[in-house]
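Contents: one structure, followed by commentary.
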Amino acid sequence: MTAVTCELCPRGCVIPEGAAGDCRIRVNLGGRLRATTYGRPSAVHIDPMEKKPLYHFLPGAPVFSIATAGCNLHCLNCQNWQLSQRGGEEMEEIYRLDPPELVRAAREEGCRSIAYTYSDPIVFYEYVYDTAELAHAQRLANCFITAAYINREPLRKLCGVIDAVNADLKAFDDGFYRRVNGATLKPVLDALVTMREEGVWLEVTNLLIPTLNDDPAMIRRLARWVHDELGPGTPLHFSRFQPLYRMRNLPPTPVETLDLARREAKDVGMEHVYVGNVLGHEGNSTYCPRDGTLLIGRVGFMITHYALTPDGRCPSCNERIPGVWRSAELFGEQP
């Protein structure tokens, strides 16, 4: 029997005939690697773009969101563990949506974009790629919500059909990645740089977990790396932890910690720093980095105020705010 090496992510699983890799869904069938969840999403929803969270990409637009079982990380605090930590055969087949049916469903629901999300779409890479190609042909945008634990070669190919990414940067510490996520830090940093090089719109989220990755010095190092390697205009989201899965022993992140993280990031020069999972916090909203004008007011996932000009500028000082504000920017359509 022929074993197959999976080259998709840094784990490099060597998979015997009939067995699955660490992600539980990539299986060696007859010497060929197959993703058993291809065309079999276990979650299908229509979400606001802000839920991803993508704050500088088509704000307020509904996005057709899908996920399958499986993940190549094993985070102790996973909020979608019932989905991510199971194999495809463990999930009841609720939906059957091959790429053409998925694109058709998104269009019928009035969505201009598809998000691959909830679990990590890296593990259902082929399903994402084939769908994203068809989506582009139908003028639908593609959003990829990921922990970015992927090798550079397959990532570069994927960037050709992906328009926006929100990437989780779990901590700026390799030991944290090993203990809490079952992964390593460097491949994630390499992936984020690759996305920037390939011109994909990129936002970064850091979930702050009390006592584990909320040290101010670590937060500052993370923010400085994002500033230096990805650019000061990269939206950086600090998100509030809630006790879930195998990490129910810790309290929710104090709002004061999130406020501190936002200050640290602004102090190193980050221009758009957000606070997530705290309803009504001023860090939900977008402000002009030059004159402080409120540009997009948000309460949770709801937009309550929108003042950007059609070409994405501050109406007070004409500062260009980085982002993708209209689908015309993606497909060359007339606004």
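Residue check: SER327 meets all listed conditions (1) more than 30 Å from ALA217 (Cα to Cα); (2) over 20 Å from the mean Cα position of the chain (by Cα) but one, namely (2). Whenever a residue of the stretch 111-136 is assigned to a helix (DSSP H, G or I), its partners that are surrounded by 24 or more Cβ atoms within 10 Å (Cβ to Cβ) and acidic (Asp, Glu), lying with C-beta atoms within less than 9 angstrom and at least six residues away or across chains, give the pairs ALA132/ASP163; HIS136/ASP163. The number of residues in the stretch 55-99 that are under 14 Å from ILE114 (Cβ atoms), out of contact with any Pro (no Cβ under 8 Å at 6 or more places or on another chain) and surrounded by 23 or more Cβ atoms within 10 Å (Cβ to Cβ) comes to 4. Looking at the stretch 140-252, the strands (runs of 3 or more DSSP E) lying wholly inside it that each contain 1 or more residues that are among the aliphatic types (A, V, I, L, M) and touching a residue at least 60 places away in the same chain (Cβ under 8 Å) sit at 141-146, 164-168, 201-208.
Taken over the stretch 92-106, the criterion of being in a helix (DSSP H, G or I) and out of contact with any strand residue (DSSP E or B) (no Cβ under 9 Å at 6 or more places or on another chain) is satisfied by PRO99, PRO100, GLU101, ARG104.
Would the stretch 99-107 turn up any residue that is in contact (Cβ under 8 Å) with a residue 24 or more places away in the chain, among the β-branched types (Val, Ile, Thr) and closer than 24 Å to MET49 by Cβ? Scanning the stretch 99-107 turns up at least one residue that is in contact (Cβ under 8 Å) with a residue 24 or more places away in the chain, among the β-branched types (Val, Ile, Thr) and closer than 24 Å to MET49 by Cβ.
Bear in mind that the values in this text are calculations on the coordinates, not laboratory data. What you are looking at is a predicted structure, and each value in this text was computed from that prediction instead of being measured. FYI the Cβ positions are ideal-geometry reconstructions off the backbone, even for glycines, and counts take in every protein chain you see.
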